[in-house]
Amino acid sequence: MTQDELIEMLSDFGLDLEGDVHADNGSSGEMTYSYYFNVPSDADKEALKKHEMTSGQRVEIPLNTFDGNEDID
């Protein structure tokens, strides 16, 4: 997934990159392993179908989606 694809997906669910995507820092909190967002429980049915997701689903985002692996939180 590219960053542009991610932004489009977030937009389809009424979410944004800075406010709704979170770092998964594992139990130690010292290293970012990936990023994630949760599909809203009231997500648009067409967006769910388009992205083949379910409401409430946690979506993992690989580190390489972001140039230079910079933090987004």
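The values are calculated or read from the model by the stated rules, or taken from the named source; none is laboratory data. Keep in mind that what you see is a predicted model, and the values were worked out from it rather than measured. When we count neighbours, we look across all protein chains shown, and the Cβ atoms used for this are built from the backbone with ideal geometry, even at glycine. Just so you know, the surface numbers come from the protein's heavy atoms only, side chains and all, with ligands and any DNA or RNA stripped out. Shrake-Rupley method; radii C 1.70, N 1.55, O 1.52, S 1.80 Å.
Brief remarks on what is shown
- Number of the exception - Leu10 against (1) open to solvent by less than 70 Å² (accessible area, probe 1.4 Å); (2) modelled with pLDDT of 95 or more; (3) not in a helix (DSSP H, G or I): (3)
- Among the residues making up segment 22-44, those that are over 17 Å from Phe66 (Cα atoms) and either open to solvent by 20 Å² or more (accessible area, probe 1.4 Å) or part of a helix (DSSP H, G or I) (or both) are Gly26, Ser27, Ser28, Gly29, Glu30, Asn38, Pro40, Ser41, Asp42, Asp44.
- Boolean, Gly19 is of a type in the set (Gly, Ala, Ser), under 20 Å from Leu63 (Cα atoms) and assigned to a helix (DSSP H, G or I): yes
- Cβ-Cβ distances below 8 Å connect no pair with a first residue in segment 30-46 that is farther than 10 Å from Phe13 by Cα and touching a residue at least 40 places away in the same chain (Cβ under 8 Å), a second residue that is open to solvent by 100 Å² or more (accessible area, probe 1.4 Å) and part of a loop (DSSP other than H, G, I, E, B), and a separation of six or more residues or different chains.
- Extreme residue, nearest to His22 (Cα to Cα), among residues of segment 45-69 that are assigned to a loop (DSSP other than H, G, I, E, B) and not hydrophobic (A, V, I, L, M, F, W, C): Pro62
- Residue pairs meeting the criteria (Cβ under 8 Å; at least 6 apart or on separate chains; first in contact (Cβ under 8 Å) with a residue 40 or more places away in the chain, in segment 1-22; second surrounded by 14 or more Cβ atoms within 10 Å (Cβ to Cβ) and among the polar types (S, T, N, Q)): Met1/Thr65; Thr2/Thr65; Gln3/Thr65; Leu6/Thr65
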